[in-house]
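Colleague: Below you'll find the structure I mean.
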Amino acid sequence: NYAYDALLAWWSRQPGSLRNRRFVLKTCKGNAPRVEQEAPPVVELIAAPGNHFLWHGGRPLWLSLTREKFKGEHGLLLGYHEQLNLRSLGRDRGFLLDLLRQAVSEHWRREAESKVFVLKSDLYWEQLEGICPGRLEAVFLPAGQLERICADLSGFLSRRDWFRSKGIPWRRGYLFHGPPGTGKSKLCLALCSHFRLNLAVVSLAHHKIDDSSLAGILSEAPWGSAFLFEDIDRVIGHPGNEVTMAGLLSVLDGVVAQEGRIVFLTTNHLPQLDPALIRPGRIDLLEHLGFVTPDQARRFFCHFFPAAPEQAAAFSRWAGNGRWTMAQLQDHLISHVGDPDTASGLPGKALGVGGIGSLPVFSVIPP
């Protein structure tokens, strides 16, 4: 529950909470290697399981926190189920409601950065730590394509009342298709980061997800989440997958589809998709992300080497020949990150469609 995190965060910021002696230490997790001169993880003290007392607004507040472990098969610890009870004295509960509204509002403003969530083995959502926030400035699509996608999503988010006044469900579906490595998932992450949406990654191949549970799983996703179904062509109708096409269509635009839901689908093989899945009303914007064009290659090179326009022109002549993906070019430029002259030249072995070829090793690290 969003209010749970909001109330714990609010409680930890109150001056009177410093007199409490039972705390849990909270830090930002992550598996990234330590970098010299990097700031240490942020340390927070939040209320520990047990009872806590605080004066606020001239009233006493009691907060009781309970925590229970829940385990999966073979006794493996999967997580904790926690519950908060907030009590005070008085004849009117409006005091507590005002406090909760304040806590949720403050938490909403402080937690502005988008987050990525995945489904764990027992079908609960867990935030992934250490995910680099996407940036639209680092997404290079053919001229006008990114602007068209952003305008569509921005218009959708700002027209809730208009949709309702016309009797149209306030939902939006996007399908990005193209060869592997063209940046489909990266685009979804960057869009969510730009529009301050969380991204909930749904794996329909999960052995515990079926038609009956899918709607409930999506409804329990963290507040303000868009949903990403990757490689949709590889999961529906395949052996071992319990989600059927009918079940997926139901959550996209059926009776159980929630208002405000944004869904991103990606696929490498558009012709393999059922036409019923990509019809208007389920997929509202279908965009192809293909091999790199000369203009994309030029702009991408300038992103790495802003002061080398001549080399960018040479790079675009061979990198934009319709045989390279953005992922391949990124690996190539990273390998020559300190040498724009070498980076702009054709590799010793030309890349084939779907092949990596012989790329130089990472040898120069700029200061």
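Colleague: About its Cα centre, what dipole magnitude does the chain give when the only charges are +1 on Lys and Arg Cβ and -1 on Asp and Glu Cβ, stated in debye to the nearest 20?
Modeller: The calculation lands at about 1100 debye.
Colleague: Could you check how much of the accessible area of region 29-179 is carbon and sulfur, as a whole percent, using a 1.4 Å probe?
Modeller: Roughly 51 percent, rounded to a whole number.
Colleague: In region 237-268, which residues have a backbone nitrogen under 15 Å from the label point lying 7 Å from residue 276's Cα in the Cα-to-Cβ direction?
Modeller: 237-238, 243-255
Colleague: Take the cross-link list 26/208; 71/208; 26/69; 71/120 and give me the ones stretching past 22 Å between alpha-carbons.
Modeller: 26/208
Colleague: Using modelled backbone amide H atoms (1.01 Å from N, in-plane), which distant-in-sequence or interchain residues come within less than 5 Å of residue 228's amide H?
Modeller: 200, 201, 202, 264
Colleague: On to the next question. Say R0 is 25 Å: what FRET efficiency, to the nearest 0.05, do residue 21 and residue 123 get from their beta-carbon distance? Don't jump to the answer; show the numbers that get you there.
Modeller: Values: r = 36 Å, r/R0 = 1.46.
In this case the efficiency is close to 0.10.
Colleague: Which Cα, out of 61, 229, 248, lies furthest along the positive dipole direction of the chain (beta carbon charges, K/R +1, D/E -1)?
Modeller: Going by the Cα projections, it comes out as 61.
Colleague: Tabulate in residue order the Karplus-calculated ³J(HN,Hα) for region 251-256, using 6.51 cos²θ - 1.76 cosθ + 1.60 with θ = phi - 60°, rounded to whole Hz; enter x for Gly and Pro.
Modeller: 7, 7, 8, x, 4, 7
Colleague: Below 12 angstrom from the Cβ of residue 244, what's the summed charge of the other residues (Lys, Arg +1; Asp, Glu -1)?
Modeller: Local charge sum for residue 244: -4.
Colleague: If you don't mind, another one. Based solely on its DSSP helices, what 222 nm [θ] is calculated for the chain when runs of n ≥ 4 H residues each add -39,500 (n - 2.57) and the sum is averaged over all residues, nearest 500 deg cm²/dmol?
Modeller: Working: 11 runs with 113 residues, N = 367.
Computed ellipticity for the chain at 222 nm equals -9000 deg cm²/dmol.
Colleague: If each residue of separation counts as 0.36 nm, what is the full-extension length gain between residue 334 and residue 238 once their alpha-carbon separation is subtracted?
Modeller: 30.8 nm
Colleague: I would also like to ask the following. At a Förster distance of 45 Å, what's the computed FRET efficiency of residue 205 paired with residue 310, Cβ-Cβ distance as r, to 0.05?
Modeller: Details: r = 48 Å, r/R0 = 1.06.
For residue 205 and residue 310, the calculated efficiency is 0.40.
Colleague: Let me ask something additional. Mind checking the angle between helix 94-110 and the chain's longest principal axis? C-alpha axes, 0 to 90 degrees, to the nearest 10.
Modeller: The answer is roughly 20 degrees.
Colleague: Can you tell me the length gained on complete extension of the stretch residue 64 to residue 259, counting 0.36 nm per residue apart and subtracting the Cα distance?
Modeller: 66.8 nm
Colleague: Any chance you could check the Cα centroid distance between region 199-213 and region 126-161 for me, in angstrom?
Modeller: Between the Cα centres of region 199-213 and region 126-161 lies a distance of 24 Å.
Colleague: Here's something else I'd like to know. Within the chain, what is the longest stretch that has no trypsin sites (Lys or Arg not before Pro) placed in a DSSP loop and near at most 14 other beta-carbon atoms within 10 Å?
Modeller: 209-367
Colleague: Rounded, prolate or oblate, given the Cα gyration tensor of region 144-253, with a/c below 1.5 counting as rounded?
Modeller: Oblate.
Colleague: Using 0.36 nm times the number of residues separating residue 152 and residue 321, minus their current alpha carbon distance, what extension gain do you get?
Modeller: Extra length available between residue 152 and residue 321 comes to 57.9 nm.
Colleague: Of 205, 162, 269, whose Cα points farthest to the positive end of the dipole of the chain (charges on the beta-carbon: +1 Lys, Arg; -1 Asp, Glu; origin at the Cα centre)?
Modeller: Going by the Cα projections, it comes out as 162.
Colleague: Nearest 10 degrees is fine. How inclined is helix 184-194 to the longest principal axis of the chain, computing both from alpha carbons?
Modeller: Between the helix axis and the principal axis of the chain, the angle is about 50 degrees.
Colleague: Looking at the P(r) of region 242-327, how many percent of alpha-carbon pairs lie beyond 16 Å? Don't jump to the answer; show the numbers that get you there.
Modeller: Values: 2374 of 3655 pairs.
When all Cα pairs of region 242-327 are counted, 65 percent exceed 16 Å.
Colleague: Then there is this: Rolling a 1.4 Å sphere over the protein heavy atoms, what is the accessible area per residue of the chain, to the nearest Å²?
Modeller: 57
Colleague: Report, in degrees rounded to the nearest 10, the 0 to 90 angle that the Cα long axis of helix 145-157 makes with the longest principal axis of the chain.
Modeller: 20
Colleague: Here's something else I'd like to know. Taking 7 Å along the Cα-to-C-beta vector as the label spot, tell me the residue 112-residue 299 distance in nanometres, rounded to one decimal.
Modeller: Result for the modelled spin labels: 2.5 nm.
Colleague: Assign unit charges at the C-beta atoms only (+1 for Lys and Arg, -1 for Asp and Glu), then state the dipole size of region 202-261 relative to its Cα centre in Debye, rounded to the nearest 20.
Modeller: 60
Colleague: While we're looking at this one, here's another question. If we restrict to alpha carbons, what Rg and Dmax does the chain come to, in Å?
Modeller: For the chain, the Cα radius of gyration and maximum Cα-Cα distance read 24.6, 80 Å.
The values are calculated or read from the model by the stated rules, or taken from the named source; none is laboratory data. Everything numeric here is computed off the predicted structure, so don't read it as measured data. Reconstructed Cβ throughout: ideal geometry from the backbone, glycine too, with neighbour counts over all protein chains shown. Ligands, DNA and RNA are stripped out before the accessible areas are found, and what is left, the full protein with its side chains, is counted by its heavy atoms. Shrake-Rupley method; radii C 1.70, N 1.55, O 1.52, S 1.80 Å.
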